[in-house]
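*Asks:* I'd like to ask some things about the structure below.
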Amino acid sequence: MILRRAVEGLDERLDRTSFLKRSLRKAFPGHWSFLLGEVTLYAFVLLILTGIFLAFFYVASSAPTTYRGSYPPLQGRTVSQAYRSVLNISLEVRSGLVMRQMHHWAALLFMWSMVAHLVRVFFTGAFRKPRELSWMIGVSLLVGGIAAGFTGYSLPDDLLSGTGLRIIYSAVLSIPLAGTWLAFLFFGGEFPSPELIPRLYLMHVLLIPLLLLTLLGVHLALVWHQTHTEFPGPGTSEDTVTGTPVWPRFALKGIAVAFLTWAVVALMGGLLQINPIWLYGGFVPYDAPSPAQPDFYAGWLEGILRLWPNWELHVFGHTLGNLFIPAAVLPGIVFTVLALWPFLEARVTKDHDRHNYAQRPREAPVRSAVGAAGIAWFVVLMLAGSNDVLAKYLQVEVDTLNTWFKILVFVLPPVVGFVTFRICRDLRRSGARPIQAPTRVTFTRTPAGGFDAEPESSWASDDHGGVTPTEGPGTP
């Protein structure tokens, strides 16, 4: 009521609030899968809030200093000022460790929810015309998220993150012709350069967040203008938009999801340890931790590097380093195909019509098979990126695991894709509906003191993921 009176008051004075009125009545979907995009947004907000707190105490400098803090094993050690400041945040600043771990968990949630959102959009065909641009922006957000995660992961200047920087430096150097120039531009000179930490900090707290904010704003504006896709159902068509209005139901639900997201991340930050840099020690250029593994969003990239053979190619008098293809060419192909998928699919299927309906995966067996095969490929590579950790826990040789991963990376995706295609094709042909909810039964007491069971109206799942009444005993 308060918000409505405020809108009406502005309407009387400005006569320009019809947009506000329409906005408050705009319909948004109620299906749970549409909340994945919201979780991504709320995780990003939490990243900004916790990042501001951490920025008050972080020192973006690789200058050497002697550690005199409260952690005895590192007393008297020479470390960088960046590493010492992160240790102080973790062990001496009140609530510093909780905030730092919340920031890390929020980053992982940001990437997980974004990947899940992209998967949902892919399998339901929600990227089709006219939403190709929204899909491409989503892929760009994924790339930006990986960049933000990598730069933030490298700021503590510990031994684990420094090893990752060494890998990236070598990968950039492997680029023909421009590799040396790009490495010196990005890293500020020969690795490890004193300019590296300040440059990473600038990118992490300013350049990349501005890029992500811009992409998020454009993406939300497009979703607002084009409206959401929805599953087919009774009383709907490609030209209708159904759902709950922004105010009050959707807004209150969104607020509840936001606070629930932040509460879960806060619990994880307080109870689940992540990235204990005091155990790794400061970065030493000639040393590397073992076992080691990156965060999941970089795990598949690490997996490619660990499985790729030690090849050096000579083309037109130039040597292509053994990191160039796995670190630059293959990821570039993956993200290019992913970004252009709406246009590639439309060209193959010759479907250039506008679509507002979302599809069930069974309705597009080929697309579902490609998606399932791609997920299997990424999972194998992500596991390969942790081959040293897995070898330790499984008590097997790393080379043995690598042999299996090299086989699985070629065998498992086609098998998963074929099985998915057959399942989706058979389900589409059978016309089977989703699993029905059990019939509800009403118990009434008899004069003799017993009970009679009478089934109420039967309820069947609809394509929205909800239920619709069907005729049956007890239906009014």
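The values are calculated or read from the model by the stated rules, or taken from the named source; none is laboratory data. Keep in mind that what you see is a predicted model, and the values were worked out from it rather than measured. Glycine gets a Cβ as well: all are built from the backbone with ideal geometry, and neighbour counts include every protein chain shown.
*Asks:* So is Ala369 in contact with a Phe, Trp or Tyr (Cβ under 7 Å, 6 or more places away or on another chain) and closer than 16 Å to Trp341 by Cα or not?
*Replies:* yes
*Asks:* Right, another one. Let me confirm something: among Arg347, Arg362, Arg354, which residue is more than 21 Å from the chain's Cα centre (by Cα), within 28 Å of Phe231 (Cβ to Cβ), loosely packed, with under 12 Cβ neighbours inside 10 Å and modelled with pLDDT of 90 or more?
*Replies:* Arg347
*Asks:* Going through Ala258, Ala266 one at a time, which residue ends up being modelled with pLDDT of 95 or more and buried (at least 17 other Cβ atoms within 10 Å of the Cβ)?
*Replies:* Only one candidate qualifies: Ala266.
*Asks:* Hey, could you check segment 242-255 for residues that are hydrophobic (A, V, I, L, M, F, W, C) and loosely packed, with under 15 Cβ neighbours inside 10 Å and say which is modelled with the lowest pLDDT?
*Replies:* Looking at residues that are hydrophobic (A, V, I, L, M, F, W, C) and loosely packed, with under 15 Cβ neighbours inside 10 Å, I get Leu252.
*Asks:* Something else about it: Going by the conditions given, is Asn322 surrounded by 12 or more Cβ atoms within 10 Å (Cβ to Cβ), modelled with pLDDT under 90 and under 24 Å from the mean Cα position of the chain (by Cα)?
*Replies:* no
*Asks:* Could you figure out which of (1) part of a loop (DSSP other than H, G, I, E, B); (2) without any contact (Cβ under 8 Å) to a residue 60 or more places away in the chain isn't true of Trp181?
*Replies:* Going through (1) part of a loop (DSSP other than H, G, I, E, B); (2) without any contact (Cβ under 8 Å) to a residue 60 or more places away in the chain one by one, Trp181 breaks only (1).
*Asks:* Taking segment 45-68, which residues are buried (at least 16 other Cβ atoms within 10 Å of the Cβ), assigned to a loop (DSSP other than H, G, I, E, B) and of a type in the set (Gly, Ala, Ser)?
*Replies:* Ala60, Ser61, Ser62
*Asks:* In segment 143-169, what count of residues is obtained for those that are surrounded by fewer than 18 Cβ atoms within 10 Å (Cβ to Cβ) and either among the polar types (S, T, N, Q) or assigned to a loop (DSSP other than H, G, I, E, B) (or both)?
*Replies:* Selection size over segment 143-169: 0.
*Asks:* Ok, one more. Is there any pair with a first residue in segment 392-405 that is farther than 17 Å from Val379 by Cβ and a second that is of a type in the set (Gly, Ala, Ser) and in a helix (DSSP H, G or I) whose Cβ atoms are under 6 Å apart and which are 6 or more apart or on different chains, and what are they?
*Replies:* Val398/Ala391
*Asks:* Let me ask something else. Could you list, in sequence order, the residues of segment 290-319 that are at pLDDT below 90 and part of a loop (DSSP other than H, G, I, E, B)?
*Replies:* Those that are at pLDDT below 90 and part of a loop (DSSP other than H, G, I, E, B): Ser290, Pro291, Ala292, Gln293, Pro294, Asp295, Pro309, Asn310, Trp311, Glu312, Phe316, Gly317.
*Asks:* Answer with yes or no whether Thr236 is modelled with pLDDT under 85 and among the β-branched types (Val, Ile, Thr).
*Replies:* Spelling it out, Thr236 is indeed modelled with pLDDT under 85 and among the β-branched types (Val, Ile, Thr).
*Asks:* Given the residues Phe250, Phe316, Phe296, Phe283, which is the only one that is within 19 Å of Gly149 (Cβ to Cβ), of a type in the set (A, V, I, L, M, F, W, C) and more than 22 Å from the chain's Cα centre (by Cα)?
*Replies:* Phe283
*Asks:* Do we have Val218 as within 22 Å of the chain's Cα centre (by Cα), buried (at least 17 other Cβ atoms within 10 Å of the Cβ) and farther than 20 Å from Leu320 by Cα here?
*Replies:* Here the answer is no, as Val218 does not meet what is asked.
*Asks:* Does Val98 fit the bill of being over 15 Å from the mean Cα position of the chain (by Cα), at pLDDT 95 or above and on the phi < 0 side of the Ramachandran plot?
*Replies:* So Val98 passes the test.
*Asks:* Looking at segment 380-407 only, could you name the residues that are surrounded by fewer than 19 Cβ atoms within 10 Å (Cβ to Cβ) and among the aliphatic types (A, V, I, L, M)?
*Replies:* Hits for segment 380-407 are Val389, Leu390, Ala391, Leu394, Val396, Val398, Ile407.
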